[in-house]
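Each reported figure results from applying straightforward, stated rules to the coordinates on display, with no laboratory input. As the structure is a computational prediction, the values presented were derived from the model and not from experiment.
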Amino acid sequence: MSRAGDAAFSYNRDQSVDKASSCYRMQFKSTKFFDNFFKIRDTLNTYYNDSHELVYSQKNTDEGGYYSVDKLTFTYGGENTKIHSLRYTPSRVRIDTVLTVEGDVADLLGAIYYLRGLDRTKLYSGNTYPLTVAIGRDLVRIQFTYQNQAIVEYGKAKYSTRYFIIDIYDEAFESTKTSAEVWVGDDDNFLPVKVRSKLKIGYVEVYYKESSGLSHPLKCRIAM
């Protein structure tokens with residue numbers, strides 16, 4: 001399977017969105033080889049409040065001449081979460097609907113940051129964590145399964161991490177079992193360091209790039 005593209009994670013304090021205090025960003029671009037027939041330049045921004053609740057997300061899609069913007073607004077109340085999902089292109093609105101979910105829910109990028117809410121001191125191999133992900137007008141079921149501790153090397157950096165596999169029940173992925181993998185830094189920040197997803201066109205790797213305003217030192221980074 002060929003590498004379809006690479007992406008980078010970043011985290012910063014951000015109050016540009018109402019009720020939000022922090023923003024997680026992922027920027028993706030296809031490799032030069034895949035650019036020849038399917039060029040992709042996507043950006044995802046996910047916003048949380050001080051209570052670590054997901055309040056808003058936006059995905060800007062630029063794929064092979066197709067342009068769209070996806071906006072998800074999350075409202076919490078009682079046992080259910082309501083999500084206003086809006087998708088539009090330069091010519092028209094394609095999706096404008098409200099989804100209702102009972103239980104834990106996130107957007108595509110927030111699904112990775114959902115792991116930050118886990119107590120890493122109580123992780124045991126085989127532990128599973130189900131989650132619902134809102135994508136357009138769909139609610140996609142995924143499941144994280146904790147595996148073990150692992151070392152991740154990228155460029156000149158090395159990190160101690162906790163390793164999870166992800167089962168994603170959606171036709172866009174190559175398979176439902178182990179559709180993706182995620183390595184989360186093994187310190188009190190519990191930030192994602194690496195994500196690897198298998199798609200129909202190849203695989204995508206995402207790496208931690210930078211952060212600011214962290215609550216704890218980045219102790220998972222190992223001196224080289």
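Computed over the stretch 99-197, the P(r) curve from all C-alpha pair distances, binned at 10 Å from the origin, holds 15, 49, 29, 7, 0 percent per bin.
Taking the Cα atoms of the stretch 184-223, the ratio Rg/Rh between the radius of gyration and the Kirkwood radius comes to 1.10. Checked against a 20 Å cut-off, the cross-linked pairs Lys29/Lys209; Lys156/Lys219; Lys158/Lys209; Lys29/Lys219 give Cα-Cα distances beyond that limit for Lys29/Lys219.
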